[in-house]
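Colleague: The structure that follows is given in the form of structure tokens.
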Amino acid sequence: MRFLAYIESDPKMPFGPPPPELFEAIGAFGEEMVKAGVSVDSGGLAAIEASPHIRVSGGKLTVTDGPFAETKDLIAGWMVIDVDSEARAIELAGELSAAPGPRGEPIYEWIEIRPFLALPETFPG
């Protein structure tokens, strides 16, 4: 089963890369996932200020620069993992949420996991 695990971040965090401790912990966690054979893809995302909002309505393309007033949580990065069960995906997300951040203390960030939809075998393409 494939899951997307995305890492939420506090929108009040300063713009820029994560603190070195957190960056190292996420890197080490990613290496463990590669060694375990469950890592499919991962990466970080730029701050919300660099994220336009795009929509087509009535045939007209609208692009709005961020940030957006209704934003409460930001997606800071993602991992695509391929594991045998939702329980294993939850276990791994818990380990990532406990990664050390500034001053070596656990970050306790929310990690959301979402399963990928499986395409029916008869799906063309």
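Colleague: Starting from the Cα of T62, step 7 Å along the direction of its Cβ; do the same at R114; then give the gap between the two resulting points in nm.
Modeller: 2.2 nm
Colleague: Let me ask something else about it. R55 label point, 7 Å along Cα→Cβ, cut-off 20 Å on backbone N: hits in the range 74-98?
Modeller: Only 74-75 fall inside the zone, counting backbone N under 20 Å.
Colleague: I would also like to ask the following. What is the calculated FRET efficiency for D84 to E31, with r their C-beta to C-beta distance and R₀ = 25 Å, to the nearest 0.05?
Modeller: Numbers: r = 20 Å, r/R0 = 0.82.
Computed FRET efficiency for D84 and E31: 0.75.
Readers should treat all values here as calculations from the given coordinates under stated rules, not as data from a laboratory. Please read these numbers as outputs of a predicted model, since none were measured by experiment. For neighbour counting, all protein chains shown are included, and Cβ atoms are generated from backbone atoms with ideal geometry for every residue, glycine included.
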